[in-house]
Every structure is written in C-alpha cells, then in structure tokens.
Amino acid sequence: MRVKTVLAALILALIPATAPAVATAAANPHERGPAPTAASVEASRGTFAVTSAAVARQSNFGGGTVYTPTSDLTFGAVAVSPGFTATQTSVAHFGPRLASYGFVVITINTLSGLDDPDSRGRQLLAALDYVVRTNPRVDASRLAVMGHSMGGGGALRASASRPALQASIPMAGWHTTKNWSTVQVPTLVLGGQNDPTAPNSQHSTPFYNSITAAPDKAFLELRGGDHSDPRSDNVTVRKYTLSWLKRFVDDDLRYDQFLCPPPAPNTLISAYRDTCPHA
C-alpha cells in the first residue's frame with residue numbers, strides 16, 4: 001500500500017508541471033480578435049479599428065485601396081478583384097469589414113475593365129506582392145485571394161499559379177476553363193441559385209467538382225441569388241467568407257464551428273457541399 005501511495009503522489013505532482021506546457025504548445029499565434037459568436041460572424045464590423053490608404057496605379061495592377069487593422073500585430077493579407085467592367089467600388093465593402101476582424105485587405109482596380117480572368121489572377125498576385133513589400137503589418141506566409149465574376153475566375157487562376165496561398169474565394173466566378181484539378185488551395189466557391197451571367201451549372205459547380213487536389217473545399221449556393229449576390233454585403237456572405245479566411249489563413253479552429261458540420265439548406269442557402277471535417 002505504501003508503494004502505491006508514493007506512486008500516486010508522484011503522478012499527481014507531475015500533472016501541474018506538464019499541463020501548462022501542452023496548453024502553450026497548442027496555442028495558435030495567428031488568432032486575432034475575441035472568440036467568435038453566431039452574431040459576431042454576421043456583424044458589419046469586428047473589433048479592430050481600421051485605417052485605409054489609396055494605392056496608385058501600378059505597372060502590374062490597376063491600384064486600389066489597402067485596409068489595415070490599427071495594431072502592432074502582423075496579419076494575413078487578402079486581395080480582392082472586381083468583375084468584368086467593374087471597379088473596386090463593387091467589392092469595397094470587403095476591405096474595412098475583413099480588416100476589422102484582423103486581415104490586411106487590398107481591393108484592386110484592374111489595368112482595364114475588360115481584362116480577362118487570367119489577367120485578373122496575375123493582378124491579384126501582384127497586389128499581394130505589393131502589400132507584402134510595402135506594409136509591415138503583413139505576414140507574407142498567410143495570403144489569400146477573392147474575386148467576383150471574372151475576378152472569381154482570376155482567384156482560381158491565382159490559386160493554380162501560386163499553391164502557397166492559404167485560401168481562395170471565387171464569388172460567382174466566371175472562366176472558360178472548367179478543370180481546376182491542379183488547385184491545391186482551400187477554396188470556397190460562392191454561387192447564386194439564379195445567376196444568369198455565370199450559371200452554376202456551367203461555372204461554379206464544375207469548378208468545385210474539378211478541385212480534387214485541395215485538402216479542403218466548399219460550395220455555397222445562395223437561395224434565389226443572382227450574379228451580384230455572392231459578392232454583396234449580406235449576412236450569409238459575411239459569415240462564410242470571414243469563417244473561411246479565419247479558418248485557413250489564420251488556422252483559427254474557433255471558426256470551424258460555422259463551417260462544419262455544414263449548414264443544411266434553408267431560406268438563405270439552397271445548397272452547400274463541402275469536405276468536412278477539415279484537414
């Protein structure tokens with residue numbers, strides 16, 4: 001009995017010493033902001049104050065606006081492209097909102113409103129390279145792309161060209177290429193159920209189906225949505241774009257609860273497909 005008592009005492013004595021070490025090792029240095037809630041992921045703003053700065057036209061993208069959280073921390077960066085003939089104003093709302101949750105965001109103008117998706121992909125990467133080079137708050141290892149319509153096709157092309165990206169979100173993406181089997185970047189495809197310009201059957205669905213090399217992907221179809229709804233400032237787009245970027249750019253597992261288990265079809269979502277649980 002005496003031996004058992006001594007052994008039990010030794011085991012109990014070791015527990016306080018080892019437990020903190022495990023907790024420290026498991027901590028995520030990229031978490032930014034408080035623990036999310038169902039309300040916070042749909043809110044118009046997060047907890048960081050944000051500054052903005054205009055970017056003049058560059059040789060390899062059409063300039064834009066950079067939004068930066070006011071903090072001494074470093075952050076992942078996201079570049080966002082508009083669609084055919086559009087300017088950054090069509091995607092401008094992503095800038096201050098995502099920055100307020102802890103990302104450096106650049107919304108871009110393209111060199112020409114008529115630029116094709118592949119050109120927009122190159123410009124998205126050029127914009128990311130620009131903020132890495134000029135913004136000391138950017139963590140160059142945590143970068144992502146987003147885009148609407150041909151800008152969404154550009155996000156796919158950027159992902160195929162640069163597999164080191166952490167996340168990609170094509171919104172109502174348009175591209176003549178339908179096979180994206182080389183894409184290795186975690187990709188959230190957003191589509192509108194009634195999109196007449198880039199019908200899901202011809203664009204978002206084959207895009208999603210062909211992304212076989214990425215460890216994680218999802219396809220969200222907005223119920224009744226048209227071509228513009230997937231890039232609109234609505235609660236569904238807010239919730240899932242933020243959660244995807246947090247989960248894969250920041251490796252923030254606190255946001256997994258909004259992605260897995262996947263949402264069932266409801267009044268806002270007509271379909272959702274995914275690779276839950278995430279790798």
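The values are calculated or read from the model by the stated rules, or taken from the named source; none is laboratory data. Note that the structure is a prediction, hence the values are computed from the model and not measured. No Cβ is skipped: glycine too gets one built from the backbone with ideal geometry, and neighbour counts run over all protein chains shown. Remember, those area values only see protein heavy atoms, side chains included, never the ligands or the DNA or RNA. Shrake-Rupley method; radii C 1.70, N 1.55, O 1.52, S 1.80 Å.
State whether the residues of the range 16-38 include one that is under 20 Å from Asp250 (Cβ atoms), hydroxyl-bearing (Ser, Thr, Tyr) and at pLDDT 50 or above.
Yes, the conditions are met somewhere in the range 16-38.
Report yes if some residue within the range 217-224 is of a type in the set (D, E, K, R), in a loop (DSSP other than H, G, I, E, B) and open to solvent by less than 30 Å² (accessible area, probe 1.4 Å); otherwise report no.
The answer is no; no qualifying residue exists.
Going by what's in this entry, would Ala172 be described as small (Gly, Ala, Ser) and on the phi > 0 side of the Ramachandran plot?
yes
Among the helices (runs of 4 or more DSSP H) lying completely within the range 92-163, list those that include at least 3 residues that are farther than 22 Å from Ala43 by Cβ and either open to solvent by less than 20 Å² (accessible area, probe 1.4 Å) or in contact with a helix residue (DSSP H, G or I) (Cβ under 6 Å, 6 or more places away or on another chain) (or both).
117-134, 150-161
Could you check the range 242-263 and list, in sequence order, the residues that are in a helix (DSSP H, G or I) and open to solvent by 10 Å² or more (accessible area, probe 1.4 Å)?
Scanning the range 242-263 gives Arg247, Phe248, Leu253, Arg254, Asp256, Gln257, Phe258.
Condition check: within 18 Å of Ser161 (Cβ to Cβ) and surrounded by fewer than 23 Cβ atoms within 10 Å (Cβ to Cβ). Does Asp72 satisfy that?
No.
Tell me yes or no: at least one residue of the range 80-92 is of a type in the set (Gly, Ala, Ser) and under 26 Å from Pro34 (Cβ atoms).
yes
Consider Leu242 carefully, then state whether it is on the phi < 0 side of the Ramachandran plot and without any contact (Cβ under 8 Å) to a residue 60 or more places away in the chain.
no
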